[in-house]
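The values are calculated or read from the model by the stated rules, or taken from the named source; none is laboratory data. In this text the structure is predicted, and so the values were computed from the model without any measurement. Note that we place each Cβ from the backbone using ideal geometry, even for glycine, and neighbour counts take in every protein chain shown. Only protein heavy atoms, including side chains, enter the accessible area calculation; ligands, DNA and RNA are left aside. Shrake-Rupley method; radii C 1.70, N 1.55, O 1.52, S 1.80 Å.
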Amino acid sequence: VKIPRIPVSDTTGRPEPAYFNLYKNITKKLVAGEKLSGGNPKPGVVWREAVPALKQLAGQYKQKFDSYAERNQDESFIPPVMIVVCDNTDIAQIFYEKISGQTTADETRIINGKPKVVKVPQYGGNTDIFPDIFANTSAILRTVRIDTKALEDTDDEGLTKDEAMKKLREIIDTVGKKGEAGEQIRCVVSVQMLSEGWDANNVTHILGLRAFGSQLLCEQVAGRALRRISYEIDPETERFAEEYADLYGVPF
């Protein structure tokens, strides 16, 4: 397996690094006006507080992405993948939009002779999380979101609702697989969807933005990044080369 790396220090000198239990540290600092009626943090607050961690982790991702690209200059390559695990669908939506630069707008179209309001993708949204790597365009899908609301709202021109949902699931199920629909995905934003049995061996970075109530849940989330990419033996050491997975916000 890959070797998991977690934050062990930060510049504050606190006993527990801020990025180790990120979501808990965000919710502890909430003040009046930053909570929803149920006590959960507002999605915009989570985004504001998590941006430094996201940018740092995305910076590490970019270094790995660039090393992959350098080693495969003469051919297309399967990129590494970063997963953002969110507490709820509202948080997932804002992170997806901010990372991918993709939003939707309501537009009235004539379908079967009748006007119908449909959601139309809009690209080029404001994002500074390495848009050259993560931003979606009308031609290229680099960042994808998977959760119950994303499945309910998914729409693809020319496809039925069931066909659009099937297409999204196919992309998720084939992340990192050569020649498949999810081959070039670089970031997955999810809520309780990437469970055991989902194994993409090119996952190298995870950002946890949810409450972790048990050690088992930490292990399940971390497990999504621990499958090795290469099983070639180093002839000098007669061992596998070290592979790493960087995990922020997964509080073992």
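Ser190 meets the conditions (1) hydroxyl-bearing (Ser, Thr, Tyr); (2) touching a helix residue (DSSP H, G or I) at 6+ places or on another chain (Cβ under 8 Å); (3) without any contact (Cβ under 8 Å) to a residue 60 or more places away in the chain in every case but one. The failed one is (3). Is it true that some residue in segment 212-219 is crowded, with 16+ Cβ neighbours inside 10 Å and among the charged types (D, E, K, R)? Checked against the condition, which is being crowded, with 16+ Cβ neighbours inside 10 Å and among the charged types (D, E, K, R), segment 212-219 yields no hits at all. Segment 33-147 holds strands (runs of 3 or more DSSP E) entirely within its bounds, and those carrying 1 or more residues that are out of contact with any strand residue (DSSP E or B) (no Cβ under 8 Å at 6 or more places or on another chain) and open to solvent by 70 Å² or more (accessible area, probe 1.4 Å) map to 114-122. Considering only segment 172-225, state which residues are within 19 Å of Tyr248 (Cβ to Cβ) and aromatic (Phe, Trp, Tyr). Once the filter is applied, which keeps residues that are within 19 Å of Tyr248 (Cβ to Cβ) and aromatic (Phe, Trp, Tyr), segment 172-225 yields only Phe212. Scanning segment 212-244 for residues that are under 25 Å from Ser190 (Cβ atoms), among the hydrophobic types (A, V, I, L, M, F, W, C) and free of Cβ contacts under 8 Å to residues at least 12 places away in the same chain turns up Leu216, Leu217.
Taking the numbered list (1) open to solvent by less than 50 Å² (accessible area, probe 1.4 Å); (2) more than 25 Å from Lys55 (Cβ to Cβ) in turn, Arg239 passes all entries but (1).
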